[in-house]
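A.B. asks: Can you keep this structure in mind? I'll have questions shortly.
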Amino acid sequence: MRCKDKVVLVTGGSRGIGRAICLRLAEEGAKVAVNYMGSPDQAAEVVNAIQAGGGEAIAIKADVGLKIEIDGMVDEALRHFGRIDGLVNNAGICIFSEVLDITEELWDHTMNVNLKGTFLCSQAVSKRMVSQGSGGSIVSISSINHFAGGKLQAHYGVTKSGQVNLMKSFALGLAPYRIRCNSVLPGTIATDMNKDYLDVKENNDYLVNRIPAGRIGDPVDIAHAVVYLISDESNYVNGTEFLIDGGSLVNFL
């Protein structure tokens, strides 16, 4: 029960990596606010799974690209649980596009969800944490793309690098309030976002052959790291990034 009684808001918590994070946090005793934007059924499934295991959870619909909806989401979590001890900025989009084909609309949409959303959510939650006076932890799910370009991900990669820098700046600004801010950088993780790509055997084999661990990552691999960063075990960890990629980044050959 490493996160016992901590209240954690997870954006994009209804599927993929976010779902795994919500379930692992609940397994470790956290009370979880599951943010979603798409299917309410998926969010309800996560909440039901947590409750079936004896945990506490609610689902909150909100667009993290809109400040008014973020404020409403945070207020709802506070009304239900009375406090917020942790935030996981997981909501994100990655719509593949050649650099010459990226439209202004796609660029703006990606920035709004991935980067602006991380800033606004972190700011809104940290203000509540400051008023609570008991510290807290903010974790942003960035990407291995922070370290490299992407032929189809120029717009996405910029937001992921931005998230890392944002967490470093928040770490400095919020350290006096005992609020820690860190980033987790997944490598290739099997989710519904990249399912079509990974279902092509040639694509899957290429990636597996480049990953020293010999497999594609699972969402729970990321969730384990988030549990550590939310828990008090990481109370001397601040402003850093955790790369979780099976060793693929160091494989230059």
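The values are calculated or read from the model by the stated rules, or taken from the named source; none is laboratory data. Computed from a predicted structure; not experimentally measured. Heads up, the Cβs are rebuilt from the backbone with ideal geometry, glycines too, and the neighbour counts pull from every protein chain shown. Remember, those area values only see protein heavy atoms, side chains included, never the ligands or the DNA or RNA. Shrake-Rupley method; radii C 1.70, N 1.55, O 1.52, S 1.80 Å.
A.B. asks: Tell me which strands (runs of 3 or more DSSP E) are completely within region 79-190 and hold 2 or more residues being within 19 Å of the chain's Cα centre (by Cα) and among the small types (Gly, Ala, Ser), or say none if there are none.
C.D. replies: By residue number, 136-141.
A.B. asks: When you scan region 136-158, do you find a residue that is closer than 18 Å to residue 237 by Cβ and surrounded by fewer than 19 Cβ atoms within 10 Å (Cβ to Cβ), even just one?
C.D. replies: Scanning region 136-158, I find no residue that is closer than 18 Å to residue 237 by Cβ and surrounded by fewer than 19 Cβ atoms within 10 Å (Cβ to Cβ), so the answer is no.
A.B. asks: What do you reckon, is residue 195 over 25 Å from residue 20 (Cα atoms), of a type in the set (D, E, K, R) and at pLDDT below 95?
C.D. replies: no
A.B. asks: Give the residues of region 211-253 that are part of a helix (DSSP H, G or I), of a type in the set (Val, Ile, Thr) and either within 11 Å of residue 186 (Cβ to Cβ) or modelled with pLDDT under 95 (or both), sorted by residue number.
C.D. replies: Answer for region 211-253, where residues must be part of a helix (DSSP H, G or I), of a type in the set (Val, Ile, Thr) and either within 11 Å of residue 186 (Cβ to Cβ) or modelled with pLDDT under 95 (or both): 222, 226, 250.
A.B. asks: Looking only at region 136-159, how many residues end up being touching a residue at least 60 places away in the same chain (Cβ under 8 Å) and in contact with a strand residue (DSSP E or B) (Cβ under 9 Å, 6 or more places away or on another chain)?
C.D. replies: Number satisfying all stated conditions: 7.
A.B. asks: Would you be able to tell me the number of residues in region 63-85 that are within 10 Å of residue 33 (Cβ to Cβ) and either aliphatic (A, V, I, L, M) or touching a helix residue (DSSP H, G or I) at 6+ places or on another chain (Cβ under 6 Å) (or both)?
C.D. replies: Keep residues of region 63-85 that are within 10 Å of residue 33 (Cβ to Cβ), which gives 73-74, 76-78, 80-81, 84.
From the residues that got through so far, the ones that are either aliphatic (A, V, I, L, M) or touching a helix residue (DSSP H, G or I) at 6+ places or on another chain (Cβ under 6 Å) (or both) too are 73-74, 77-78, 84.
Number of matching residues: 5.
A.B. asks: Also, quick follow-up: Please find, within region 20-71, the residue that is farthest from the chain's Cα centre (by Cα) out of those that are open to solvent by 10 Å² or more (accessible area, probe 1.4 Å) and in contact (Cβ under 8 Å) with a residue 60 or more places away in the chain.
C.D. replies: 28
A.B. asks: Could you please let me know if residue 27 is modelled with pLDDT of 95 or more, within 27 Å of residue 195 (Cα to Cα) and charged (D, E, K, R)?
C.D. replies: Values: modelled with pLDDT of 95 or more: yes; within 27 Å of residue 195 (Cα to Cα): yes; charged (D, E, K, R): yes.
Against the criterion (modelled with pLDDT of 95 or more, within 27 Å of residue 195 (Cα to Cα) and charged (D, E, K, R)), residue 27 qualifies.
A.B. asks: I need a count of the residues in region 198-227 that are open to solvent by 40 Å² or more (accessible area, probe 1.4 Å), in contact (Cβ under 8 Å) with a residue 12 or more places away in the chain and over 14 Å from the mean Cα position of the chain (by Cα).
C.D. replies: 7
A.B. asks: Could you check region 86-101 and list, in sequence order, the residues that are over 23 Å from residue 14 (Cβ atoms), touching a helix residue (DSSP H, G or I) at 6+ places or on another chain (Cβ under 8 Å) and open to solvent by 70 Å² or more (accessible area, probe 1.4 Å)?
C.D. replies: Initially, region 86-101 is screened for residues over 23 Å from residue 14 (Cβ atoms), giving 97-101.
Subset that is touching a helix residue (DSSP H, G or I) at 6+ places or on another chain (Cβ under 8 Å): 97, 99.
Passing the criteria: only 99.
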